[in-house]
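Right, one structure below, let's go through it.
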Amino acid sequence: MPERLAEMLLDLWTPLIILWIALPPCIYMAPMNQSHVLMSGSPLELNRLSEEQRILNRSKRGWVWNQMFVLEEFSGPEPILVGRLHTDLDPGSKKIKYILSGDGAGTIFQINDVTGDIHAIKRLDREEKAEYTLTAQAVDWETNKPLEPPSEFIIKVQDINDNAPEFLNGPYHATVPEMSILGTSVTNVTATDADDPVYGNSAKLVYSILEGQPYFSIEPETAIIKTALPNMDREAKEEYLVVIQAKDMGGHSGGLSGTTTLTVTLTDVNDNPPKFAQSLYHFSVPEDVVLGTAIGRVKANDQDVGENAQSSYDIIDGDGTALFEITSDAQAQDGIIRLRKPLDFETKKSYTLKVEAANVHIDPRFSSRGPFKDTATVKIVVEDADEPPVFSSPTYLLEVHENAALNSVIGQVTARDPDITSSPIRFSIDRHTDLERQFNINADDGKITLATPLDRELSVWHNITIIATEIRNHSQISRVPVAIKVLDVNDNAPEFASEYEAFLCENGKPGQVIQTVSAMDKDDPKNGHYFLYSLLPEMVNNPNFTIKKNEDNSLSILAKHNGFNRQKQEVYLLPIIISDSGNPPLSSTSTLTIRVCGCSNDGVVQSCNVEAYVLPIGLSMGALIAILACIILLLVIVVLFVTLRRHKNEPLIIKDDEDVRENIIRYDDEGGGEEDTEAFDIATLQNPDGINGFLPRKDIKPDLQFMPRQGLAPVPNGVDVDEFINVRLHEADNDPTAPPYDSIQIYGYEGRGSVAGSLSSLESTTSDSDQNFDYLSDWGPRFKRLGELYSVGESDKET
């Protein structure tokens, strides 16, 4: 019975719902004028309009419909009726025509001009255009004159749920820290629906999760995604895929839906301590390994990543804490054990270390999970190696007197083999450090002896290198520096510190200090130098000079009297004995030269030469030097003037004995004249047109340098003279440095267009007796005298 009742109710309500969707609602417009337009979308409304029209006619006012509705996406075999236009001026005589203009008039909306019915002839989409504004007007059918003012109305496209929600920014990615509490916000998503959000529930969205439970949840209306489980562990699962649905119609059945995906990644937190892969590590290292060498690596694994997995390593206990150190490798996240101090297999063969790894960045939220560190034991075994010899001292300092005897022992070095086998040692000197071979060493016991004499004054220190080599393995070598200091002995006598020359004024006074001298000694006594000065025994009672010792270890020479005269004696020699305080003391004699000079009243030396007395009175040495300089300057000017004159008079042709040129060729044998063609052909010398190019004359010597030609061999008998001349001619033409040695000038060509013929006798083809020179008179006044001379010559010859 209940099921039957439900079916009856369904049959009753279904037509009503369809009618409600198909028929648009009717809305009244405000009254506009006396004649009105009526709009309706159903017959029911038309009947009601007839009654309302009667009311309006009585009050001379009418009602106008300013809105129409049409359902979007409607498609049928016939155009859909949107509404009807009607005016109270239409008596039904069909004399009124309805005109429609505005948005979509004629293309989307079509009006029956007689009945006023408006149809939609195209399928409409509210999401493209939600409403159309049109203008209606009633005009006379025949005259097309408006019967009333135009009325504007709107056709609204009524929405239906024809668009599904869309996630425009999907797919989404979000992160959330691992071990987060329940309800931690992850992200939020947004979907859009193109349907009308005002009309109905077509755009009312409800969100839900299709995949991703039970880890995440979503707020149905705000679309905020949150964690649904607490303490999710990244080390167990790092990434989650969540499928989110947005459904319109408030999520009810029949609504459209859209989906997107959200990838949630758990970010790491430091919730795991480091852990060594093994509790005991074994390493071995040779005893001769270089300091700083990596012996081995230990690593504590951490399930965290990034800085949460960084660990620092330390040696916290063991018997090798002073010999080894551990450093952290930030890239590999392991600890590197390195050697800090040398190892000795003979002293200790193994070491045990306790190593700790601890997290650098600790999160206090997870401190209750225990200490974030771990320890491990490291055993290091030292392996024996063949080590080089070891000297008893890293350096040696030896001393020897400079007068030590040859082959005397200076000192000794010792070395041993630290290995158990204890190989014998052989000693030698690195000769690169003892190039002069001043020292030797005993190869067996390391005693250093003197090979050549030493001189402390030449070199105080000698630095050599001693080499110790194992006899059983010559590759095992050690070196040690040895510094040898040469000690001083008194083997150098003192002498003057420099070459002294004293000057004594003729007008000096008795007791006047002439010169102060000092001595030097190449030796270096421990207590410093102390010199004794004295005169030669035979000059102790010197009548002219005496000496005085000063406190600063210097000596002053004094004059005993005045009245010294340089004309009587110009130079005095004073020998002085200098002795040192050595054991035994050494002495030497140095001679001081004293010159007698002429001085001014204030003691300034002016001249020390005897020749100064013969100079004119009032002419000083400076004046003489000035005069001499002037004379030299005049001589230089004269020499320069003569040189320039000589250079100016030089001829342009530079003669050089080595510059051999065949410039002038003499032929004592005149030959047979023009008919003699066996000697040489002069045709090439007659006309410049017969040679290649123009021969320039060179009046000055050019700057270019020409390579001298090779010396020609003697010309053999029977050589072709014509060829000889052509060769010489070619060389002279092509030599840019050749001066104008035009020793032979042939004027066999008078130029092109010349009225007169050639004047050269070489061109004559007849004898003098056959020539007539009367034509010379016809050439003008210039040749008249020449014609008379030749005429006289001819008459004399006939006579």
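Looking across region 329-387, the residues that are farther than 30 Å from residue 472 by Cβ, free of Cβ contacts under 8 Å to residues at least 60 places away in the same chain and of a type in the set (S, T, N, Q) come down to 331, 333, 352, 367, 368. Note on region 110-202: enclosed strands (runs of 3 or more DSSP E) holding 2 or more residues that are more than 26 Å from residue 251 (Cβ to Cβ) and open to solvent by less than 40 Å² (accessible area, probe 1.4 Å) are 117-120, 131-140, 151-158.
Looking at the structure I just gave you, is residue 571 among the β-branched types (Val, Ile, Thr), open to solvent by 20 Å² or more (accessible area, probe 1.4 Å) and farther than 19 Å from residue 496 by Cα?
So residue 571 fits the description; yes.
Once region 208-233 is narrowed to residues that are surrounded by 19 or more Cβ atoms within 10 Å (Cβ to Cβ) and touching a residue at least 40 places away in the same chain (Cβ under 8 Å), the residue that is nearest to residue 267 (Cα to Cα) is 232. Going by what's in this entry, would residue 510 be described as part of a loop (DSSP other than H, G, I, E, B), at pLDDT below 90 and open to solvent by 30 Å² or more (accessible area, probe 1.4 Å)? The answer is yes for residue 510.
Summed over region 443-472, residues that are of a type outside the set (Lys, Arg) and free of Cβ contacts under 8 Å to residues at least 40 places away in the same chain total 12. Taking the criterion of being under 22 Å from residue 449 (Cα atoms) and either open to solvent by less than 40 Å² (accessible area, probe 1.4 Å) or under 58 Å from the mean Cα position of the chain (by Cα) (or both), the residues of region 478-497 that qualify are 478, 479, 480, 481, 482, 483, 484, 485, 486, 487, 489.
Only residues that are closer than 22 Å to residue 399 by Cβ and either among the hydroxyl-bearing types (Ser, Thr, Tyr) or open to solvent by 40 Å² or more (accessible area, probe 1.4 Å) (or both) were counted in region 513-526, giving 4.
Looking at 327, 267, just one residue is among the polar types (S, T, N, Q) and either in contact with a Leu (Cβ under 9 Å, 6 or more places away or on another chain) or farther than 30 Å from residue 181 by Cα (or both), and that residue is 327. Within region 525-543, is there a residue that is touching a strand residue (DSSP E or B) at 6+ places or on another chain (Cβ under 6 Å), farther than 24 Å from residue 583 by Cα and not polar (S, T, N, Q)? Scanning region 525-543, I find no residue that is touching a strand residue (DSSP E or B) at 6+ places or on another chain (Cβ under 6 Å), farther than 24 Å from residue 583 by Cα and not polar (S, T, N, Q), so the answer is no. If you go through region 288-319 and keep only what is open to solvent by 50 Å² or more (accessible area, probe 1.4 Å) and either touching a Pro at 6+ places or on another chain (Cβ under 6 Å) or assigned to a strand (DSSP E or B) (or both), you end up with 294, 297, 301, 314, 316, 317.
Consider region 264-310 and keep the residues that are touching a helix residue (DSSP H, G or I) at 6+ places or on another chain (Cβ under 9 Å) and acidic (Asp, Glu). The one that is farthest from residue 241 (Cα to Cα) is 302.
The sole residue among 379, 348, 341 that is at pLDDT 95 or above and of a type in the set (D, E, K, R) is 379. When 516, 465, 449 are screened for being touching a helix residue (DSSP H, G or I) at 6+ places or on another chain (Cβ under 9 Å) and either in a strand (DSSP E or B) or of a type outside the set (S, T, N, Q) (or both), only 465 passes.
Applying the criterion of being under 30 Å from residue 452 (Cα atoms) and in contact with a Pro (Cβ under 7 Å, 6 or more places away or on another chain) to the residues of region 377-405, the residue that is surrounded by the most Cβ atoms within 10 Å (Cβ to Cβ) is 390.
Residues checked against (1) polar (S, T, N, Q); (2) within 30 Å of residue 425 (Cβ to Cβ); (3) in contact with a strand residue (DSSP E or B) (Cβ under 8 Å, 6 or more places away or on another chain):
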| position | (1), (2), (3) |
| --- | --- |
| 335 | no, no, yes |
| 346 | no, yes, no |
| 359 | yes, no, yes |
| 383 | no, yes, yes |
| 394 | no, yes, yes |
| 399 | no, yes, yes |
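In region 406-435, of all residues being in a loop (DSSP other than H, G, I, E, B) and β-branched (Val, Ile, Thr), the one that is most open to solvent (accessible area, probe 1.4 Å) corresponds to 420. Residues being part of a loop (DSSP other than H, G, I, E, B), open to solvent by 20 Å² or more (accessible area, probe 1.4 Å), modelled with pLDDT under 90 and on the phi > 0 side of the Ramachandran plot are entirely absent from region 241-249. Tallying residues that are of a type outside the set (D, E, K, R) and open to solvent by 30 Å² or more (accessible area, probe 1.4 Å) within region 466-477 yields 6. Filtering region 76-120 to residues that are closer than 17 Å to residue 156 by Cα and hydroxyl-bearing (Ser, Thr, Tyr) leaves 101, 107.
With a requirement of 3 or more residues that are under 30 Å from residue 520 (Cα atoms) and touching a helix residue (DSSP H, G or I) at 6+ places or on another chain (Cβ under 7 Å), none of the strands (runs of 3 or more DSSP E) lying completely within region 554-615 satisfies it.
The values are calculated or read from the model by the stated rules, or taken from the named source; none is laboratory data. Since the model is a prediction, treat every value here as computed from it, not as a measurement. Heads up, the Cβs are rebuilt from the backbone with ideal geometry, glycines too, and the neighbour counts pull from every protein chain shown. All accessible areas refer to the heavy atoms of the entire protein, side chains included, with ligands and DNA or RNA removed. Shrake-Rupley method; radii C 1.70, N 1.55, O 1.52, S 1.80 Å.
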